[in-house]
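Here the structure is laid out as structure tokens; the discussion comes afterwards.
The values are calculated or read from the model by the stated rules, or taken from the named source; none is laboratory data. What you are looking at is a predicted structure, and each value in this text was computed from that prediction instead of being measured. Using ideal geometry, Cβ is built from the backbone for each residue, glycine included, and neighbour counts are taken over all protein chains shown.
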Amino acid sequence: MNAPPRFDPVIHAAARLQITALLVSVSDAEFATVRDAVGVSDSVLSKHLKLLEDAGYVRLSKASLDGRVRTRLSMTGKGRRAFAAHVQALQALASLAEAGALGADLEPV
């Protein structure tokens, strides 16, 4: 069942939108891979992940591999539904803009 379009401020921040877009297409990903793909520091990624985790959108798991602890990230079902609804809301907004329905009473740029 698809969620209705819904703009989600937790997902919408640029870095969180990138994080969720990366994670929604995979079963899980390593912290460092996501960090490098988004182009942020460890601490910035950790802060964004904390917000996503608190919302129930992302799950973090830790495992020891070769004596090093690795953090893996995955989207929850709730996160996948929220991401899909957010993308639908953005697409609806873009469609309105393309149709000229936004700001119809404003001067053209």
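Of all residues in segment 56-79, those being touching a residue at least 24 places away in the same chain (Cβ under 8 Å) and either in contact with a Pro (Cβ under 6 Å, 6 or more places away or on another chain) or closer than 18 Å to P5 by Cβ (or both) number 2. For V38, state whether it is in contact with a helix residue (DSSP H, G or I) (Cβ under 7 Å, 6 or more places away or on another chain), modelled with pLDDT of 95 or more and farther than 21 Å from P5 by Cα. Considered against the rule, which asks whether it is in contact with a helix residue (DSSP H, G or I) (Cβ under 7 Å, 6 or more places away or on another chain), modelled with pLDDT of 95 or more and farther than 21 Å from P5 by Cα, V38 comes out as yes.
Of all the numbered requirements in (1) surrounded by 13 or more Cβ atoms within 10 Å (Cβ to Cβ); (2) in a loop (DSSP other than H, G, I, E, B), L93 misses one, and that requirement is (2). Hey, any hits in segment 65-74 for a residue that's within 14 Å of the chain's Cα centre (by Cα) and modelled with pLDDT of 95 or more? For segment 65-74, residues within 14 Å of the chain's Cα centre (by Cα) and modelled with pLDDT of 95 or more: present. Selection of first residues in segment 35-46 that are over 15 Å from T71 (Cβ atoms) and without any contact (Cβ under 8 Å) to a residue 12 or more places away in the chain and of second residues that are surrounded by 11 or more Cβ atoms within 10 Å (Cβ to Cβ) and polar (S, T, N, Q), restricted to Cβ pairs under 9 Å at least 6 apart or on distinct chains, gives the following pairs, ordered by first then second residue: G39/Q18. Do you know which of the residues in segment 56-71 that are of a type in the set (D, E, K, R) and assigned to a strand (DSSP E or B) is surrounded by the fewest Cβ atoms within 10 Å (Cβ to Cβ)? Among residues in segment 56-71 that are of a type in the set (D, E, K, R) and assigned to a strand (DSSP E or B), the one surrounded by the fewest Cβ atoms within 10 Å (Cβ to Cβ) is R68. The one condition from (1) surrounded by 13 or more Cβ atoms within 10 Å (Cβ to Cβ); (2) touching a residue at least 24 places away in the same chain (Cβ under 8 Å); (3) outside any helix (DSSP H, G or I) that A82 does not meet is (3). Within segment 35-85, being under 11 Å from I19 (Cβ atoms) and of a type in the set (V, I, T) holds for V38, V40, V44, V58. Screening P108 with (1) farther than 24 Å from A15 by Cα; (2) at pLDDT 95 or above gives one miss only, at (2).
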